[in-house]
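What follows is one structure encoded as structure tokens, with my remarks underneath.
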Amino acid sequence: MKLDSLIEKATQSENQTVAVAVAEDEEVIDAVAMALEQNLADFLLFGDKEKILTLMHEKYSRMETNGNIKVIHANTNELAAERAVKAVKLNEADVLMKGNIPTATILRAVLNKEFGLRTGNVLSHVAVFEVPGYDRYTIVTDAAMNIAPDLEQKAQIIKNAVNVAKGIGIEMPKVAPLAAIEIVNPNMQATLDAALLTQMNRRGQISGCIIDGPLALDNAISKLAAEHKGIGGDVAGQADILLVPTIEVGNVLYKSLIYFANAKVGAIIAGAKAPIVLTSRADSAESKLYSLALALCSAN
């Protein structure tokens with residue numbers, strides 16, 4: 001599966017709007033310009049209005065007259081984050097995007113009890129990869145938010161990822177809770193949690209997906225590896241969602257796919273009232289565009 005199809009899917013939904021907190025940044029303006037060229041969405045740009053307009057003029061002067069952009073002045077990062085979050089809260093925007101602002105600052109606004117985007121669910125990072133030579137999307141969660149999630153948090157992380165998967169067209173996602181081995185070992189918490197999550201799924205406590213684990217990475221994604229070990233079931237060798245046990249595992253897997261496998265990726269924070277795009281300066285412009293498209297698909 002190609003991530004370009006997410007862009008096409010996102011353009012099929014009309015009248016979606018992205019609120020960007022602290023948009024006075026060259027890379028943010030690049031990402032917005034690319035999105036506008038693809039007719040992905042309208043944009044509300046919050047931040048230093050003069051700096052934003054100057055950047056727009058210097059880089060893409062035609063953006064200044066684009067009716068799909070509105071620039072709203074905010075004196076500080078905190079105020080820009082608050083106003084962007086409120087725009088989503090008030091249904092003036094469908095997606096929240098981080099601009100040139102610390103992640104902690106925008107998350108404080110997201111979690112604000114008065115005007116934030118809390119739903120009572122765990123917020124989690126969901127990354128969708130296009131891996132060369134692989135015939136389906138690979139969804140990895142959670143590589144950036146939850147450090148060492150417990151069983152209940154893992155259940156919510158799965159639910160968030162399942163919602164994202166459904167947003168991009170995977171009707172019944174197959175979930176592999178990853179561990180180092182495929183059998184339950186009382187000394188390895190990841191295997192215990194994986195077995196319990198599998199049982200919760202079979203009893204209807206986690207619905208809309210198929211969960212089977214514990215599974216090691218090779219048995220989760222390779223039918224041949226699963227067959228060699230005599231592992232059957234609906235998930236082995238064909239997992240859509242890889243649930244990692246800790247943030248370290250997720251971080252290494254995420255970066256390994258990008259740097260060793262040359263995978264393409266789009267990623268969002270799920271579990272809030274609306275999808276959140278937390279772009280990084282290390283992300284390519286292409287990756288930022290995929291993340292926006294993923295968020296817009298998930299918002300539907």
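The values are calculated or read from the model by the stated rules, or taken from the named source; none is laboratory data. The model shown is predicted, which means the values in this text are computed figures rather than measured ones. Note that we place each Cβ from the backbone using ideal geometry, even for glycine, and neighbour counts take in every protein chain shown. The accessibility values were calculated without ligands, DNA or RNA, using every heavy atom of the protein model including side chains. Shrake-Rupley method; radii C 1.70, N 1.55, O 1.52, S 1.80 Å.
Given the conditions (1) open to solvent by 70 Å² or more (accessible area, probe 1.4 Å); (2) in contact with a strand residue (DSSP E or B) (Cβ under 7 Å, 6 or more places away or on another chain); (3) more than 29 Å from F129 (Cα to Cα), and given that K2 satisfies all but one, which numbered condition is not satisfied?
(3)
Among the residues of the stretch 23-37, is any assigned to a loop (DSSP other than H, G, I, E, B), in contact with a Leu (Cβ under 6 Å, 6 or more places away or on another chain) and not assigned by the TED database to the domain that holds P245?
Yes, the stretch 23-37 contains a residue that is assigned to a loop (DSSP other than H, G, I, E, B), in contact with a Leu (Cβ under 6 Å, 6 or more places away or on another chain) and not assigned by the TED database to the domain that holds P245.
So how many residues does the stretch 44-63 have that are open to solvent by less than 60 Å² (accessible area, probe 1.4 Å) and either charged (D, E, K, R) or not assigned by the TED database to the domain that holds V88 (or both)?
Matching residues across the stretch 44-63 total 1.
Just wondering, is there one or more residues in the stretch 59-66 that are touching a residue at least 40 places away in the same chain (Cβ under 8 Å) and either touching a Pro at 6+ places or on another chain (Cβ under 7 Å) or not basic (K, R) (or both)?
Checked the stretch 59-66: no residue is touching a residue at least 40 places away in the same chain (Cβ under 8 Å) and either touching a Pro at 6+ places or on another chain (Cβ under 7 Å) or not basic (K, R) (or both).
Does the stretch 260-300 hold any residues that are among the hydroxyl-bearing types (S, T, Y) and over 18 Å from S13 (Cα atoms), and which are they?
Listed by number, the residues that qualify are T279, S280, S284, S287.
Is it true that some residue in the stretch 78-88 is surrounded by 15 or more Cβ atoms within 10 Å (Cβ to Cβ), not acidic (D, E) and not in a helix (DSSP H, G or I)?
Checked against the condition, which is being surrounded by 15 or more Cβ atoms within 10 Å (Cβ to Cβ), not acidic (D, E) and not in a helix (DSSP H, G or I), the stretch 78-88 yields no hits at all.
Any residue that is closer than 22 Å to K86 by Cβ and under 20 Å from the mean Cα position of the chain (by Cα) - is there at least one of those in the stretch 44-51?
no
Can you report the number of residues in the stretch 203-221 which are modelled with pLDDT of 95 or more, crowded, with 17+ Cβ neighbours inside 10 Å and part of a loop (DSSP other than H, G, I, E, B)?
Looking only at that region, the number is 5.
Find all pairs meeting these conditions: Cβ atoms under 6 angstrom apart; at least six residues apart or on different chains; first residue within the stretch 102-122 and under 18 Å from L90 (Cα atoms) and without any contact (Cβ under 8 Å) to a residue 60 or more places away in the chain; second residue open to solvent by 20 Å² or more (accessible area, probe 1.4 Å) and not in a loop (DSSP other than H, G, I, E, B).
Sorted first by the residue in the stretch 102-122, then by its partner, the pairs are F115/K86; F115/K89.
Rundown of residues vs (1) among the polar types (S, T, N, Q); (2) farther than 17 Å from L294 by Cβ; (3) open to solvent by 30 Å² or more (accessible area, probe 1.4 Å), yes/no style:
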site: R118; (1), (2), (3): no, yes, yes
site: V122; (1), (2), (3): no, yes, no
site: I139; (1), (2), (3): no, no, no
site: I147; (1), (2), (3): no, yes, yes
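Given V162, V110, which one is of a type outside the set (G, A, S) and in contact with a Cys (Cβ under 7 Å, 6 or more places away or on another chain)?
V162
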